[in-house]
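What follows is a single structure, written as structure tokens, with notes after it.
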Amino acid sequence: MPEIILVAVDGSPLSKRAFEQALADAESTVIALHVIDPTDPGYSAPLDVDVTLEPLHGSAEWYEKANELADEIFEELTALADGSGVEVRTKTLRGDPARSIVEYASDEDADAIYVGGHGRTGETNLLLGSVAELVASRASVSVTVVR
């Protein structure tokens, strides 16, 4: 069993499922990592986003809303972990999601990375999803893709 598992979370049902699996598998610690992608206004949102109704992408208001969303995601996940006996840490970063996940896992000496496999778009990404595929190909530790 891995001692420290890093879980990429974006508020989607698949990332929640990955978090739940990490809780079941972790020996001591799960780190929930949410990455705010400044280049993709909809990536960090669990639902489809109508950008015409949202704050201007990249504005202070947009980042504030993205951070509030991260806090909501973490609140839900830490509630799920209550009574599990597993320490849960949370972190929000800004940047390219795949790169940030891999680098943070290395910085925190994570033993494994868990991600939800969305299978969003593109022929090569149908099975895993672009972020999951990149994390799986770049990480120096075991990557579990939860579907």
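The values are calculated or read from the model by the stated rules, or taken from the named source; none is laboratory data. Just so you know, these numbers come straight off a predicted model, no measurement behind them. Backbone-built Cβ (ideal geometry, glycine too); neighbour counts: all protein chains shown.
Observations, loosely collected:
- Number of the condition not met by Leu127 [criteria: (1) surrounded by fewer than 15 Cβ atoms within 10 Å (Cβ to Cβ); (2) modelled with pLDDT under 95; (3) in a helix (DSSP H, G or I)]: (3)
- Residue check for Asp10: of a type in the set (Asp, Glu), modelled with pLDDT under 95, under 13 Å from Tyr114 (Cβ atoms) and out of contact with any Lys or Arg (no Cβ under 7 Å at 6 or more places or on another chain): yes
- When residues of the stretch 97-124 are limited to those that are at pLDDT 95 or above and part of a loop (DSSP other than H, G, I, E, B), the one surrounded by the fewest Cβ atoms within 10 Å (Cβ to Cβ): Asp109
- For the residues Ser44, Ser15, the requirement of being modelled with pLDDT of 75 or more, surrounded by 15 or more Cβ atoms within 10 Å (Cβ to Cβ) and outside any strand (DSSP E or B) singles out Ser15.
- Unmet criterion (only one of (1) modelled with pLDDT of 95 or more; (2) more than 17 Å from the chain's Cα centre (by Cα); (3) not β-branched (Val, Ile, Thr)) for Leu93: (2)
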